[in-house]
Amino acid sequence: MNLTRAESMNDSPIFIRAIADLVSNHLKEYEAGTIGATSKQVMLRCPQCTNPKCGKTKEWLSTGGQALQV
């Protein structure tokens, strides 16, 4: 058997550098307190979403992965 994998645009050195720069800038801004852990879009729910796990996951993400206050 011979398996081959299609090339991926994600392995471009330019793409990897761009993603690394975005993450680095976000972490610096977060540590400086100028931005939150996530964008406001992360907290948006799907229309008519009633899944409690989805809401808890989004809540946890908004804390930057810190423990939720119970």
Checklist entry - Roughly how many Å² of L3 are accessible to a 1.4 Å probe, to the nearest 10? => result 140 Å²
Next on the checklist: Using the Cα centre of the chain as origin and beta-carbon charges of +1 (Lys, Arg) and -1 (Asp, Glu), tell me which of S24, Q41, N51 is placed farthest towards the positive end of the dipole.
Outcome noted: N51
Next on the checklist: Averaged across orientations, what area in nm² does the convex hull of the alpha carbons in the stretch 6-70 project?
Outcome noted: 7.0 nm²
Checklist entry - In straight Cα distance, which aspartates and glutamates are under 19 Å from K40, not counting same-chain residues fewer than 8 positions off? => result E29, E31, E59
Checklist entry - In whole Hz, what ³J(HN,Hα) sequence does the stretch 25-40 give by Karplus (6.51, -1.76, 1.60; θ = phi - 60°), x for Gly and Pro? => result 5, 4, 5, 5, 5, 5, 5, 7, x, 8, 9, x, 5, 9, 6, 5
Next on the checklist: Using only Cα atoms and rounding to the nearest 10 degrees, what angle (0 to 90) does helix 52-62 make with the longest principal axis of the chain?
Outcome noted: 80 degrees
Checklist outcome for this item: For the chain, listing GluC sites (Glu not before Pro) in a DSSP loop whose Cβ sees at most 16 other Cβ atoms within 10 Å gives E7
Checklist entry - Using a 1.4 angstrom probe and counting only protein chains, how large is the accessible area of R17 in Å², to 10? => result 140 Å²
Item to check | Mean Cα-pair separation over length for the chain, i.e. relative contact order, pairs under 8 Å, 6 or more apart, % | outcome: 22 percent
Checklist entry - How would T57, T34, T50 line up by accessible area, probe 1.4 Å, largest first? => result T50, T34, T57
Item to check | Heavy-atom accessible area ranking, 1.4 Å probe, most first, across V42, V23 | outcome: V23, V42
Checklist entry - How do I14, I19, I35 rank by accessible surface area computed with a 1.4 Å probe, from largest to smallest? => result I14, I19, I35
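The values are calculated or read from the model by the stated rules, or taken from the named source; none is laboratory data. Every value quoted in this text rests on a predicted model; they were computed, and no experiment measured them. Positions of Cβ are backbone-derived with ideal geometry, glycine not excepted, and every protein chain shown enters the neighbour counts. Heads up: the accessible areas ignore ligands, DNA and RNA and are worked out on the full protein's heavy atoms, side chains in. Shrake-Rupley method; radii C 1.70, N 1.55, O 1.52, S 1.80 Å.
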